[in-house]
1. Could you tell me whether region 41-103 comes out rounded, prolate or oblate from its Cα gyration tensor? Rule is a ≥ b ≥ c as square roots of the eigenvalues, rounded for a/c under 1.5, then prolate if a/b exceeds b/c, otherwise oblate.
2. Report the one residue of LEU36, ALA96, MET72 whose Cα lies farthest in the direction of the positive end of the charge dipole of region 24-144 (charges on C-beta: Lys and Arg +1, Asp and Glu -1; origin at the Cα centre).
3. Please state the charge dipole magnitude for region 24-144, taken about the Cα centre, from unit charges on C-beta atoms (+1 on K and R, -1 on D and E), reported in debye and rounded to the nearest 20.
4. Peptides 108-114, 119-125, 40-46, 26-32: what's the order by average Cβ count within 10 Å, highest mean first?
5. On the first, second and third principal axes, largest extent first, how far apart are the outermost C-alpha atoms of region 24-144 in Å?
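Nothing in this text is a laboratory measurement; each read-out follows from the coordinates by a stated rule. This is a predicted model, so every value here is computed, not measured. When we count neighbours, we look across all protein chains shown, and the Cβ atoms used for this are built from the backbone with ideal geometry, even at glycine.
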Amino acid sequence: MGTINAGAGDSGYVHAGPSGLLSLTIWRILSALALLAMGGIHLYLVFDGVGGVLGVTFVLNAIGGLLLAVAMLAPRRLLPLASVLGLLFIVGTLLALVLALTVGLFGITETLSFTLVPTTLVVESIGVIVLAVTTVLAFRVQRTRPRHS
């Protein structure tokens with residue numbers, strides 16, 4: 001079992017021990033897809049009839065997911081910031097759902113039988129893992145890059 005070492009230079013690859021290469025680009029794309037999926041689920045729920053304050057927050061969530069997905073594909077020097085913000089955003093969204101399922105959040109309670117709740121739990125949980133890996137890799141690659149004056 002190898003350790004993950006950031007490759008030198010501007011290759012965009014991270015060496016994963018003796019097993020080969022893990023491309024940071026692939027993790028960026030997976031992170032963007034996770035953020036788009038999260039935002040898409042919330043937008044779908046608005047079109048499915050969720051309204052009021054909850055509907056507005058779902059639209060804002062969809063917009064935030066889209067903007068952060070685009071940021072994940074932006075220039076590499078911005079990737080550490082984009083990945084941290086994306087990770088915090090998806091963790092916050094998942095935490096809000098878990099709170100709504102358990103004790104309620106701002107007077108809103110949720111059940112597992114509501115539209116797409118189980119799917120959302122799975123998508124956002126996977127998104128947390130993907131964005132956490134992307135964040136670690138982004139900081140490791142940034143740390144090993146030579147600074148240009």
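1. oblate
2. Most positive-ward Cα: MET72.
3. 660 debye
4. Those peptides, ordered most packed to least, come out 26-32, 40-46, 119-125, 108-114.
5. That works out to 47, 24, 21 Å along the principal axes.
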